[in-house]
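Each remark here refers to the structure printed beneath this line.
The values are calculated or read from the model by the stated rules, or taken from the named source; none is laboratory data. In this text the structure is predicted, and so the values were computed from the model without any measurement. When we count neighbours, we look across all protein chains shown, and the Cβ atoms used for this are built from the backbone with ideal geometry, even at glycine.
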Amino acid sequence: MQFDFTDQTVIVTGGTRGIGRGIAEAFLNAGATVIATYLSNQDAAEQFQQDVTAGSDRLHVRQCDVTRLEDVENFYKFVCDTFETFHVLVNNSGIRRDAIVGMMTEEDWKDVVDTNLTGTFTMSKLAVQNLSRKRYGRIINITSPVGKFGFAGQANYAATKAGQVAFTKSLSKEVASRKITVNCVSPGFIDTDFIADLPDDQKQQYLEQVPLKRFGTVEDVAHCVLFLAGRNADYITGAVLEVTGGL
Ligand code: NDP
C-alpha cells in the first residue's frame with residue numbers, strides 16, 4: 001500500500017530511536033514533515049538526523065520531556081509558531097522499570113506512570129485543543145499486549161499500557177464530532193533497545209510464544225501507524241490494532 005502524507009505535519013514522541021524512529025522515517029518517506037522528540041539521548045537524535053537522506057529538510061528533532069507540562073506547552077508553541085498546524089500525533093515515548101510489586105519502588109511506579117500514561121494525556125490534551133479548531137486530526141497511542149494480559153515484573157508498565165487503551169477509547173468518543181480519530185497500535189515483541197537488555201534465555205522464551213516465530217520489526221509497526229493515520233482509516237476510532245505475530 002502506498003501512503004501519501006505530503007502537506008501533513010506529524011509529531012512522533014520518542015521519535016529518534018527504536019519504534020518511534022521507524023515511524024518517523026516511514027512518515028518522512030511518505031512525504032510528511034516530521035517533528036521527532038526525544039528525552040535525553042542526544043547521540044541517538046543526532047545519529048537519526050545524520051542517517052536521514054530522503055526528506056532530511058522535512059525532519060525536525062526537538063527535546064521534550066513528556067512528563068513536564070512546561071516542556072509540552074513550549075513544544076506545542078514551537079510547532080504552532082513554525083508550522084501553523086499539525087495533523088497527526090503519535091504518542092510513542094515509553095519506559096520500563098521492571099520489578100515484582102513487592103520489590104517495586106514508588107519511584108519506579110511513578111516514573112513509568114508519568115511517562116507512559118500522564119505523558120500520553122498531556123500530549124493529547126494540548127493536541128486536541130489545536131486539532132479541534134481544524135476539525136481534522138489523528139492521534140495514535142503505542143500501547144502493548146502486556147496491558148491486556150499482564151506480565152510478572154511489569155505491573156507498573158502493564159497498568160500504564162492498559163490505561164492508554166482506556167484513555168484512547170474515552171478520548172475517541174469525546175472528539176469524534178471534530179473528525180479526530182484516536183486509536184492504539186499494540187506491538188508485540190519488537191527488536192529495539194527496549195528489549196535489548198533482557199537475558200538471552202528470556203528472549204528465547206518470548207520468541208517461543210510468538211506463533212509467527214520471529215520478533216517484529218519497527219517497520220511492521222510503522223506500517224500500521226501510517227494506515228491508521230491515513231484517509232483510508234477515516235471510519236476507525238477507539239480501536240486497538242495488534243501487531244504481535246499472533247501473540
Ligand atoms: P526505546 O527505549 O527504544 O525508545 C523509547 C523512546 O522514548 C526514546 O526515544 C526515549 O527518548 C523516549 N522517551 C523516554 N522517556 C521520555 C520522556 N519522559 N519524554 C519524552 N520521550 C521519552 O523504546 P521502543 O522504541 O522499543 O518503544 C516505543 C514504544 O513502544 C513504547 O511506548 C513501548 O512501551 C512500546 N512498545 C515496545 C515494544 C517492544 O518490544 N520494543 C513492545 C510493545 C510496546 P531518549 O532517546 O532521549 O531516551
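Among the residues here, GLY246 qualifies as exposed (fewer than 13 other Cβ atoms within 10 Å of the Cβ), under 25 Å from PHE3 (Cβ atoms) and either at pLDDT 95 or above or among the hydroxyl-bearing types (Ser, Thr, Tyr) (or both). Here is a check on your reading of the model: is VAL146 under 24 Å from ALA222 (Cβ atoms) and surrounded by fewer than 23 Cβ atoms within 10 Å (Cβ to Cβ)? Considered against the rule, which asks whether it is under 24 Å from ALA222 (Cβ atoms) and surrounded by fewer than 23 Cβ atoms within 10 Å (Cβ to Cβ), VAL146 comes out as yes.
Here is a yes/no grid of residues against (1) of a type outside the set (Gly, Ala, Ser); (2) without any contact (Cβ under 8 Å) to a residue 24 or more places away in the chain:
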position	(1), (2)
ALA162	no, yes
ALA166	no, yes
THR181	yes, no
PRO199	yes, yes
TYR206	yes, yes
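Within the range 15-58, being among the aromatic types (Phe, Trp, Tyr) and in a helix (DSSP H, G or I) holds for PHE27, PHE48.
Matching residues to (1) in contact (Cβ under 8 Å) with a residue 40 or more places away in the chain; (2) within 13 Å of the ligand (Cβ to nearest atom); (3) not aliphatic (A, V, I, L, M):
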| site | (1), (2), (3) |
| --- | --- |
| GLU73 | yes, no, yes |
| ASP81 | no, no, yes |
| GLU84 | no, no, yes |
| ARG96 | yes, yes, yes |
| ILE100 | yes, no, no |
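Note on the range 208-222: residues that are farther than 19 Å from PHE149 by Cβ and touching a residue at least 60 places away in the same chain (Cβ under 8 Å) amount to 4.
The single residue among THR85, THR53, THR33 that is among the hydroxyl-bearing types (Ser, Thr, Tyr) and modelled with pLDDT of 95 or more turns out to be THR33. Determine if the range 102-113 includes at least one residue that is under 24 Å from ALA24 (Cα atoms), away from the ligand (no atom under 13 Å from the Cβ), aliphatic (A, V, I, L, M) and touching a helix residue (DSSP H, G or I) at 6+ places or on another chain (Cβ under 9 Å). Within the range 102-113, none of the residues are under 24 Å from ALA24 (Cα atoms), away from the ligand (no atom under 13 Å from the Cβ), aliphatic (A, V, I, L, M) and touching a helix residue (DSSP H, G or I) at 6+ places or on another chain (Cβ under 9 Å).
Sub-6 Å Cβ pairs linking a first residue in the range 4-26 that is more than 18 Å from THR143 (Cβ to Cβ) to a second residue that is within 12 Å of the ligand (Cβ to nearest atom) and in a loop (DSSP other than H, G, I, E, B), at least 6 apart or interchain, are ALA24/GLY15, ordered by first then second residue.
The rows are residues; the columns are (1) over 17 Å from ALA239 (Cβ atoms); (2) under 16 Å from the mean Cα position of the chain (by Cα); (3) not aliphatic (A, V, I, L, M).
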position	(1), (2), (3)
ALA155	yes, no, no
SER170	no, no, yes
ILE180	no, no, no
SER186	no, yes, yes
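When the residues of the range 163-193 are filtered to those that are in a helix (DSSP H, G or I) and buried (at least 18 other Cβ atoms within 10 Å of the Cβ), which remaining residue is nearest to the ligand (Cβ to nearest atom)? For the range 163-193, the residue satisfying everything is GLN164.
Taking the criterion of being closer than 21 Å to THR6 by Cβ and either charged (D, E, K, R) or in contact (Cβ under 8 Å) with a residue 60 or more places away in the chain (or both), the residues of the range 53-70 that qualify are ASP57, ARG58. Being within 14 Å of the ligand (Cβ to nearest atom), among the hydrophobic types (A, V, I, L, M, F, W, C) and crowded, with 16+ Cβ neighbours inside 10 Å is the requirement here; does VAL88 meet it? Answer is no for this residue. Total residues in the range 193-212 satisfying the condition of being among the charged types (D, E, K, R) and either within 19 Å of SER93 (Cβ to Cβ) or modelled with pLDDT of 95 or more (or both): the figure is 2.
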